[in-house]
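One structure is given here, and the rest of the page talks about it.
The values are calculated or read from the model by the stated rules, or taken from the named source; none is laboratory data. Not measured: the values here are computed from a predicted model. Cβ placement follows ideal geometry from the backbone for every residue including glycine, while neighbour counts extend to all protein chains displayed.
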Amino acid sequence: MEQLVYILPRGLAIGALISAPMGPIGMLVIQRTLSKDRWPALFTGLGAAMSDLIYCLLTGFGLSFITDFIEEQQLWLQLIGGVVLAIFGIYLFRKNPTRSLKSADTAPATNYWTDFVTGFLLTFSNPLILFFIVGLFARFCFILPDYGIHHYIFAYICILAGALLWWYGVTWLVNRLRRRFNVRALKLVNRIIGCLLLVMALAGITMAVYDLLR
């Protein structure tokens, strides 16, 4: 039970953070919320969440084969993970997501299945997300050597739930602010997310360096 309590907030946080950056998929979800309705946009986010979950599974299975290495090099992994998050946070802070507007624009979907598939394919086409996921797994010490199969199942359910909660919140907020929503405000969203990632990264790097120097 103690391990499940350990996994829950970390899994939700990882799922939300993977989905949070407002790249082409974020623009597409917002566009569909504004031009169609919440449900087509939510199914687009669901497709993206499923793609992220596959990459998380690949990361988790890959790390599970080297659990001894992770246990021995946990501090270095946490340090590297913090650096990766810091780089990504700086990238988000400086990125203007409105430039993705044109690339995120796709043909109108005719049903929820099409919305799901386009969200899935747009996210799956970016395998570089693996580096971000590895950084998050390392930063949160998410994969532990003593995990059983039920821990893994619960962990990935939490990641999926975190991603779905993020997309539900985004579509709800955009729908509520439909008449006043300015897509340029996404730049501010990216900067806030970037700052949060930087704070988390600096905290992880500081703790890792402190433990290494002890």
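What the table shows:
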read-out	value
Region 88-126, subset at pLDDT 70 or above and part of a loop (DSSP other than H, G, I, E, B), residue nearest to the chain's Cα centre (by Cα)	126
Residue match in region 143-154 (condition: in contact with a helix residue (DSSP H, G or I) (Cβ under 6 Å, 6 or more places away or on another chain), at pLDDT 75 or above and among the acidic types (Asp, Glu))	no
Out of 81, 47, 15, sole residue that is part of a helix (DSSP H, G or I), modelled with pLDDT of 90 or more and within 19 Å of residue 199 (Cα to Cα)	15
Residues that are closer than 14 Å to residue 8 by Cβ, in contact (Cβ under 8 Å) with a residue 40 or more places away in the chain and β-branched (Val, Ile, Thr), drawn from region 135-163	157, 159
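Listed here are the residues, each with its yes/no results for (1) modelled with pLDDT of 85 or more; (2) assigned to a loop (DSSP other than H, G, I, E, B); (3) among the hydrophobic types (A, V, I, L, M, F, W, C).
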| position | (1), (2), (3) |
| --- | --- |
| 5 | yes, no, yes |
| 31 | no, no, no |
| 34 | no, no, yes |
| 61 | no, no, yes |
